[in-house]
Every structure is written in structure tokens, then in C-alpha cells.
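These notes concern the structure reproduced below.
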């Protein structure tokens with residue numbers, strides 16, 4: 001944007017407030033059905049929008065075409081119109097509540113600003129559509145690592161519903177432009193995704209009664225019980241965990257970074273590391289990794305060298321790695337988490353039992369997003385509850401971490417209600 005960026009942003013906010021007032025004059029059901037149709041469109045591999053997304057994301061993000069194709073196929077599969085209608089019904093009730101009918105009423109804010117981050121399309125898609133479901137117009141700043149998703153979504157909306165499309169506008173400006181950022185944060189509601197430092201800076205500028213909904217840095221891991229650490233069960237598990245790590249090159253909050261081998265003794269951790277290495281090598285032939293930047297490549301080399309030094313010092317550490325930096329598995333000697341360079345770099349940690357697992361994961365609790373669980377038999381439910389108490393909001397089988405349902409309570413929160421204003425008319429009270 002030009003030097004007039006703050007003024008232009010304020011003009012767009014004013015325009016969106018007027019557009020939102022018009023949108024709220026039509027039945028909420030019409031808007032919700034348009035959004036359901038849009039999700040079905042993006043879910044369809046043959047649609048123009050989906051083909052453009054598949055073609056453009058590798059250039060925009062650096063992911064390989066095969067990773068983008070597979071990641072979208074799995075990640076968008078749960079994002080159906082039917083799932084969206086069910087989400088609205090569960091969190092908001094019947095559409096008539098948005099129209100003000102009955103004693104229980106729900107409404108969005110006059111306008112919502114959305115600050116996107118990251119390179120994976122599904123979270124961005126949901127962040128843009130959720131306010132629109134509440135008929136709150138959106139002024140969005142696309143992610144620098146994925147400028148494509150927001151643009152294609154706006155184009156899809158224009159083809160489906162012109163009035164609704166007029167309630168989504170995009171604005172781009174350098175992150176260092178504090179004046180433009182300040183103008184954008186004057187919206188009535190702000191949805192921000194990014195690092196914890198970014199969220200803290202945004203929170204300092206968004207004071208009540210304006211609403212801030214933030215999604216900060218989160219991470220995921222896997223825990224494997226003894227029943228899954230031998231024979232065909234191990235081969236299946238390793239293939240699915242390798243897929244979880246390979247999709248989006250370990251760049252998302254649902255990408256596993258550490259794998260805990262629970263209770264099998266040292267040999268079980270050895271077997272798991274070897275199986276994961278073989279599985280990552282196989283996945284690389286089908287879903288080649290993108291090329292990391294120099295800093296990431298240097299981090300991978302440093303952590304590989306550190307593993308070799310620990311092994312040379314007599315620790316039970318083993319390094320399994322591709323000739324290049326395509327994939328790495330380090331079998332660690334203990335449960336202590338070590339740095340995660342990403343880009344398909346997994347660490348395998350042995351722990352004696354579930355109690356040691358929970359102690360090891362305790363410091364990670366505030367940042368936990370997902371945990372993939374397998375091999376715990378009848379103890380699985382109890383372990384899942386303990387992990388939920390630590391902070392995990394997604395607990396699932398290996399192989400599906402990267403395909404959460406539309407209604408996944410990201411960071412332990414509902415999808416739509418954090419963006420809503422709820423009211424109750426108590427007729428005759430007093």
C-alpha cells in the first residue's frame with residue numbers, strides 16, 4: 001500500500017461496516033448456505049479453485065507439488081458443507097438465532113480484522129470464513145508465506161455470492177508498518193495467528209470492548225505403547241507417523257516433532273527409530289520435501305552433529321539420516337526434549353511408563369496442540385484424559401494428525417463462539 005495506508009485501511013473498515021449492515025438484512029440461512037457451498041467447492045479436487053490452489057501453492061510456499069496435492073486432499077476432506085452446517089448448529093443453534101428470533105440471540109461484530117500467518121491453507125480458510133458465518137465482514141492481511149489462499153477464497157466468493165464477497169477485503173502492507181497495523185487493529189474484533197511474540201504485540205493494542213481471538217505457537221508429538229512396537233503393527237505405525245511428519249514438511253502446529261516409545265525398554269526405541277527412518281525414506285520417494293532455507297539446513301546439520309557427538313560419548317543415541325537433509329531420525333537416550341529443526345526431523349525418546357511420559361511432556365503442556373496415540377490398549381482413554389489435562393486439544397491415531405475435523409477445538413476453544421456476541425431476552429423479567 002502507499003504512504004496513505006492507515007487512511008486507506010480506515011476507509012475500507014468503514015466500507016465493510018456499511019456492507020455488513022446490508023448483509024445482516026438478509027436471512028442468515030442464505031449466508032450460511034453460501035459458505036457451505038464454498039467449502040464443498042474447495043473440497044472438490046476438480047473445481048477451478050482447488051486446481052488453482054494446487055498449482056499455485058508450490059510456487060508461493062516452497063512445498064513440493066506432491067506434498068501440496070496430498071496435504072490438500074487430506075486436510076480439506078473434513079471441510080464439507082455438511083460438516084459446516086453441523087458446526088453452526090452445535091455452536092450457534094438454528095440460523096434464526098442470528099436473525100434475532102427467540103430469546104437466545106447471537107451476532108457477530110460489526111467488522112473483524114484477520115491477521116493470517118503460516119503456509120498451510122486450512123487454518124487460513126477457517127479464520128476467514130468463521131467471522132462471515134456470523135455475518136461479520138472481514139478485512140484480512142494475508143500471510144507472507146501464503147499470499148494465495150486468501151486471494152483465491154475472495155475470488156470464489158465473488159463467483160458464488162456477490163453480496164457476501166463484498167464483505168471480504170484483503171490488505172497488504174509490510175509488517176514493520178506500525179501505522180497500517182494500528183489502523184487494521186481498530187476493527188471491532190481481531191483474529192490473529194502467529195508467534196507468541198506477535199500475539200503479545202497485538203494484544204497490547206486491542207483493548208476491550210474490542211475482542212481479540214489469538215492463535216499462537218503450538219506443537220504436536222506422538223506417544224506409542226508397547227503393543228505397537230513390534231511386527232506388522234510397527235511397520236504400519238511407522239508409515240503413518242512418517243506421513244504425519246512429511247505432510248507440509250513439519251511446518252504446522254499438528255506436525256509431530258517428538259515420538260515417545262513408552263515401556264518397551266531400550267530395544268523398543270531402537271526398533272521404532274529404525275522403522276521411522278525406513279518409512280521416511282519411502283515417503284520421500286512419493287512426497288518429496290521442499291528445499292529448506294539456509295538457516296534451516298544449518299540447524300539440521302547442527303542437530304545431526306550433536307547426535308553423533310552424544311553417540312561417540314557413549315550415550316545410547318543413534319542417528320538415521322538421508323544423504324542430504326531430506327529426513328532425519330535421532331534415537332535419543334532419554335526423555336528430555338531437544339530442539340526440533342523441522343523439515344522432517346523426528347526424535348525418538350524412550351520412557352519407562354505413562355507416568356514418565358507425562359512428566360516429560362509437562363513443560364510442553366501450554367504449547368501442546370495434538371498428540372497421536374497408539375498401542376496402549378485399555379489404558380488409552382485414561383492416558384488421553386491426562387494429555388487433555390496437560391493442554392492437548394487434538395488426540396487421535398497416527399496418520400490423521402494433519403486432517404483435523406472442521407469442529408476441532410483449536411487451542412481448546414470453540415470455532416465460532418469466540419467471535420460471537422451472545423444475548424438473552426428475558427421477557428417479563430423484573
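Considering each residue of the stretch 161-178, count those that are over 15 Å from residue 136 (Cβ atoms), modelled with pLDDT of 95 or more and out of contact with any strand residue (DSSP E or B) (no Cβ under 7 Å at 6 or more places or on another chain), and give that number.
Narrowing the stretch 161-178 to residues over 15 Å from residue 136 (Cβ atoms): 161-162, 170-178.
After this cut, where a residue has to be modelled with pLDDT of 95 or more as well, the list is 161-162, 170-171.
Within this subset, residues satisfying the condition of being out of contact with any strand residue (DSSP E or B) (no Cβ under 7 Å at 6 or more places or on another chain) are 161-162.
Total satisfying the criteria: 2.
The selection criterion, being within 30 Å of residue 291 (Cα to Cα) and in contact (Cβ under 8 Å) with a residue 12 or more places away in the chain, does not hold for residue 316.
Within the stretch 279-293, the set of residues being surrounded by 14 or more Cβ atoms within 10 Å (Cβ to Cβ), under 15 Å from residue 64 (Cβ atoms) and out of contact with any strand residue (DSSP E or B) (no Cβ under 7 Å at 6 or more places or on another chain) comprises 283, 284, 287, 288, 289, 290, 291, 292.
Just checking, does the stretch 303-313 include any residue being crowded, with 22+ Cβ neighbours inside 10 Å, touching a helix residue (DSSP H, G or I) at 6+ places or on another chain (Cβ under 6 Å) and modelled with pLDDT of 95 or more? Checked against the condition, which is being crowded, with 22+ Cβ neighbours inside 10 Å, touching a helix residue (DSSP H, G or I) at 6+ places or on another chain (Cβ under 6 Å) and modelled with pLDDT of 95 or more, the stretch 303-313 yields no hits at all.
Out of 82, 91, 172, which single residue is in a loop (DSSP other than H, G, I, E, B) and in contact (Cβ under 8 Å) with a residue 12 or more places away in the chain?
Numbers: 82 fails: in a loop (DSSP other than H, G, I, E, B); 91 fails: in a loop (DSSP other than H, G, I, E, B).
Sole residue among the options that is in a loop (DSSP other than H, G, I, E, B) and in contact (Cβ under 8 Å) with a residue 12 or more places away in the chain: 172.
When each of 296, 246, 233 is tested for being closer than 26 Å to residue 121 by Cα, in the same structural domain as residue 341 (by TED's automatic domain parsing) and surrounded by fewer than 24 Cβ atoms within 10 Å (Cβ to Cβ), the lone residue that passes is 296. Considered as a group, the residues in the stretch 409-423 that are assigned to a loop (DSSP other than H, G, I, E, B) and surrounded by 19 or more Cβ atoms within 10 Å (Cβ to Cβ) include one that is nearest to the chain's Cα centre (by Cα), and that residue is 415.
For residues in the stretch 41-63 being touching a helix residue (DSSP H, G or I) at 6+ places or on another chain (Cβ under 9 Å) and surrounded by fewer than 16 Cβ atoms within 10 Å (Cβ to Cβ), which is farthest from residue 155 (Cα to Cα)? Here the residue is 59.
Test residue 257 against the criterion of being under 22 Å from residue 323 (Cα atoms), part of a helix (DSSP H, G or I) and in contact (Cβ under 8 Å) with a residue 12 or more places away in the chain, and give yes or no. Lay out the reasoning, then the answer.
Details: under 22 Å from residue 323 (Cα atoms): yes; part of a helix (DSSP H, G or I): no; in contact (Cβ under 8 Å) with a residue 12 or more places away in the chain: yes.
It is false that residue 257 is under 22 Å from residue 323 (Cα atoms), part of a helix (DSSP H, G or I) and in contact (Cβ under 8 Å) with a residue 12 or more places away in the chain.
Each row is one residue, and each column tells you yes or no for (1) touching a residue at least 24 places away in the same chain (Cβ under 8 Å); (2) over 22 Å from residue 74 (Cα atoms).
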| site | (1), (2) |
| --- | --- |
| 360 | yes, yes |
| 363 | yes, yes |
| 392 | yes, no |
| 409 | no, no |
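There is at least one residue in the stretch 113-130 that is at pLDDT 95 or above, over 21 Å from residue 408 (Cα atoms), touching a strand residue (DSSP E or B) at 6+ places or on another chain (Cβ under 9 Å) and assigned by TED's automatic domain parsing to the domain that holds residue 418.
The values are calculated or read from the model by the stated rules, or taken from the named source; none is laboratory data. Because the structure is a prediction, the values reported are computed rather than measured. Positions of Cβ are generated from backbone atoms using ideal geometry, with glycine treated the same way; all protein chains shown enter the neighbour counts.
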